[in-house]
Amino acid sequence: MAFRLPVAALRPLRSSAILKPTVQQTRWLATPTPFPVTQDMTSSRGPTAMVFLNMGGPSTTDEVGDFLSRLFADGDLIPLGRLQSYLGPLISKRRTPKIQQQYAAIGGGSPIRKWSELQCEEMCKLLDQISPETAPHKPYVAFRYANPLTEHMYRQLLADGFGNGKGGRAVAFTQYPQYSCSTTGSSLNELWKWRQRLEGKAGPLGDGSDGTIKWSVIDRWPVHPGLVEAFAQNIEAKLHEYPPERRDKVVLLFSAHSLPMSVVNRGDPYPAEVAATVHAVMQRLGHSNPYRLCWQSQVGPQPWLGPQTQMSVEEYIAKGQTDLVLIPIAFTSDHIETLYELDEEVIGESGHKDTVKRADSLNGNPIFIKALADLAKTHLDSGIAASSQMSLRCPGCKSERCLESKKFFASQELA
């Protein structure tokens with residue numbers, strides 16, 4: 001999702017025609033690599049730490065309180081101004097019991113850690129095979145608001161032999177395919193903060209280096225062909241659950257987490273990048289079905305990017321269109337926004353659970369894992385620390401922390 005704020009944490013309490021694949025797309029269908037593969041490669045440039053960045057979620061209901069406390073303390077995600085330190089704890093404490101109930105309803109916690117760790121581990125196994133010159137690739141996960149936190153991940157890197165005068169290479173790989181300052185931006189700001197605290201005072205060594213970890217960033221990938229192919233195949237599988245005579249009339253509703261219009265008007269690139277993903281997926285599907293992009297998880301009285309997902313479903317049903325497929329287009333695994341908000345609230349309350357469906361999330365999809373590995377290899381081969389797009393601030397950005405974070409990652413010199 002790019003901006004995965006748990007909407008329930010803020011809500012008031014309440015009792016096919018398929019085109020022939022292009023040459024580029026065919027890469028993701030040919031010579032699939034079976035799992036698992038061994039992770040025992042060695043090279044002169046390795047090891048390489050591959051760090052997945054994401055919002056995270058509480059793995060148990062007991063972790064919900066701490067998760068919400070960190071979430072409401074983040075001004076990048078939920079800007080509360082000078083009252084952040086006062087209002088954040090009040091809101092999180094008030095919401096905790098209700099949100100615990102919702103996590104209990106989806107199995108007792110979020111599965112995002114399980115899927116993130118699996119995705120990163122399997123990607124590293126593939127990287128050891130296709131990029132032996134940077135092997136071994138070591139998997140790490142850094143969540144913004146839940147365990148494993150960014151601080152804990154960084155301390156683990158140091159304990160594992162990266163940094164501390166030994167140098168080493170690490171890649172910060174966002175798991176938000178579409179960039180937003182509220183998500184990828186916030187995660188990178190947090191990573192930069194802990195880098196400064198734990199390695200910022202390192203002095204020069206005899207060879208002229210400072211022995212710190214050399215970071216590079218994969219900051220966005222909204223139209224990667226492997227991502228597009230994985231989404232498209234999940235949509236096709238769900239469409240086949242409808243009778244053939246109705247199949248091409250099913251409306252596809254791509255759903256992504258919304259943003260406040262104040263963030264959009266500041267120049268955040270997220271809406272354009274989500275739309276680019278949708279366009280690429282529809283091209284891959286041959287525009288076989290009518291579709292719309294809608295936005296979920298709006299909260300509070302201020303204007304948000306719309307139309308809202310739940311309202312869109314209700315309005316289409318009122319118009320007689322009851323064959324609908326929801327596609328979580330900005331999420332790479334299941335979590336509360338898919339399992340509770342979409343499944344339990346939007347679909348469960350639609351009155352048409354038999355005809356309103358949701359495409360599966362990417363989770364452990366081998367095509368998606370292969371896409372991650374390809375993204376990582378391309379990045380490692382490029383020698384580029386950060387994209388030119390990442391170094392560009394939003395026109396209305398006033399954050400000094402954002403400025404310093406971007407400067408740091410853009411200035412990294414890779415061997």
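The values are calculated or read from the model by the stated rules, or taken from the named source; none is laboratory data. Quick caveat: nothing in here was measured; it's all calculated off a predicted structure. Note that we place each Cβ from the backbone using ideal geometry, even for glycine, and neighbour counts take in every protein chain shown. In case anyone asks, the SASA skips ligands and DNA or RNA and just uses the protein heavy atoms, side chains included. Shrake-Rupley method; radii C 1.70, N 1.55, O 1.52, S 1.80 Å.
Give the residue, chosen from Lys353, Lys357, Lys370, Lys398, that is open to solvent by 30 Å² or more (accessible area, probe 1.4 Å) and in a helix (DSSP H, G or I).
Values: Lys353 fails: in a helix (DSSP H, G or I); Lys357 fails: in a helix (DSSP H, G or I); Lys398 fails: in a helix (DSSP H, G or I).
That would be Lys370, the only listed residue that is open to solvent by 30 Å² or more (accessible area, probe 1.4 Å) and in a helix (DSSP H, G or I).
Keeping to segment 377-387, report how many residues are closer than 24 Å to Gly200 by Cα and open to solvent by 80 Å² or more (accessible area, probe 1.4 Å).
Total satisfying the criteria: 1.
Go through segment 135-174 and give me each residue that's in contact with a Ser or Thr (Cβ under 6 Å, 6 or more places away or on another chain) and modelled with pLDDT of 95 or more.
Passing the criteria: Ala135, His137, Val141, Ala142, Arg144, Arg169, Val171, Thr174.
Tell me yes or no: at least one residue of segment 145-152 is buried (at least 24 other Cβ atoms within 10 Å of the Cβ), closer than 17 Å to Gly57 by Cβ, within 12 Å of the chain's Cα centre (by Cα) and not basic (Lys, Arg).
no
Suppose we filter segment 164-192 for residues that are part of a helix (DSSP H, G or I) and out of contact with any helix residue (DSSP H, G or I) (no Cβ under 6 Å at 6 or more places or on another chain); how many remain?
Selection size over segment 164-192: 4.
Looking only at segment 125-163, which residues are acidic (Asp, Glu) and not in a helix (DSSP H, G or I)?
Matches in segment 125-163: Asp160 only.
Would you mind telling me which numbered condition in (1) modelled with pLDDT of 95 or more; (2) of a type outside the set (Gly, Ala, Ser); (3) open to solvent by 50 Å² or more (accessible area, probe 1.4 Å); (4) not in a strand (DSSP E or B) Glu122 fails?
The failed condition is (3).
Restricting to segment 62-95, give me the number of residues that are touching a Gly at 6+ places or on another chain (Cβ under 6 Å) and surrounded by fewer than 18 Cβ atoms within 10 Å (Cβ to Cβ).
Final tally of qualifying residues: 2.
Pairs only if they're at least six apart or on different chains, beta carbon under 6 angstrom, first in segment 87-106 and of a type in the set (Lys, Arg), second open to solvent by 60 Å² or more (accessible area, probe 1.4 Å); list them, first residue then second.
What qualifies is Lys98/Leu13.
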